[in-house]
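Enquirer: Questions regarding the structure given below will be posed in turn.
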Amino acid sequence: MNSISNYTNTNFLQRSIAHQIREIRETSERISSGKRINRASDDVASIGTISRLNAQLGSISKALLNGGQAKTLTQTAESGLSSINNLLSRIRELAVEGTGSTLTDADRTTLQVEVDAYLSEIDAITLATKFNNIILLDGSTSKVTFNIGEDKNSTLDITLTDSDS
């Protein structure tokens, strides 16, 4: 009888120690991860809410990345348009200069050659200004859409305009 009692006590102690070890492991995991719930078995009632929040967090993170891409696209287009604006300013200066009555036809022809060179440069800029293989300023793409929210209706549309000569 004494050996059966010792066997029962030993089994009880083993189960108790195993339970304590499991609780220590779970507590250590919570402390090291900083999360109260690390798996569904930790709190079955809350796991649905946590899963939805994690999915929402993932969507918002991707939306932020998309917003960053939209910003980069607009900065790229702005850079090209700034270069075109500088060239147009120079063309305007040449046009004003060409209206002077003291210029000869040869002078005006020289000015026109320079204007034509600037117009060719504008066309080259419109073809070279790209974002992810999308040519931004040549009119081939009229609109680019980015999803910047967690649902399909949270979009940002960027209208692109033909900016060649």
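The values are calculated or read from the model by the stated rules, or taken from the named source; none is laboratory data. Just so it is clear, the structure is predicted and the values come from calculations on it, not from any experiment. Every residue, glycine among them, receives a Cβ derived from its backbone with ideal geometry; neighbour counts consider all protein chains shown. Accessible surface areas use protein heavy atoms only, side chains included; no ligands, DNA or RNA. Shrake-Rupley method; radii C 1.70, N 1.55, O 1.52, S 1.80 Å.
Enquirer: Within region 90-135, count every residue that is charged (D, E, K, R) and in contact (Cβ under 8 Å) with a residue 24 or more places away in the chain.
Expert: Counting residues in region 90-135 that are charged (D, E, K, R) and in contact (Cβ under 8 Å) with a residue 24 or more places away in the chain gives 4.
Enquirer: Separate question: Being in a loop (DSSP other than H, G, I, E, B), open to solvent by 80 Å² or more (accessible area, probe 1.4 Å) and within 16 Å of Glu78 (Cβ to Cβ) is the filter here, so list the residues in region 147-161 that pass it.
Expert: Selection gives Thr161 alone.
Enquirer: Another question, if that's okay. Looking only at region 72-131, which residues are basic (Lys, Arg) and closer than 30 Å to Ile148 by Cβ?
Expert: Lys130
Enquirer: Further question on the same structure: Does any residue in region 44-72 that is touching a residue at least 40 places away in the same chain (Cβ under 8 Å) come within less than 8 Å, Cβ to Cβ, of a residue that is in a helix (DSSP H, G or I) and not hydroxyl-bearing (Ser, Thr, Tyr) six or more places away or on a different chain, and which pairs are these?
Expert: Pairs found: none.
Enquirer: Which residue out of Leu53, Leu57, Leu87 is over 30 Å from Lys35 (Cα atoms) and either aliphatic (A, V, I, L, M) or in a helix (DSSP H, G or I) (or both)?
Expert: Just one listed residue meets the conditions, Leu87.
Enquirer: Here's something else I'd like to know. Looking at (1) touching an Asp or Glu at 6+ places or on another chain (Cβ under 8 Å); (2) open to solvent by 60 Å² or more (accessible area, probe 1.4 Å); (3) not charged (D, E, K, R), which is the one condition that is false for Val144?
Expert: Status for Val144: all satisfied but (2).
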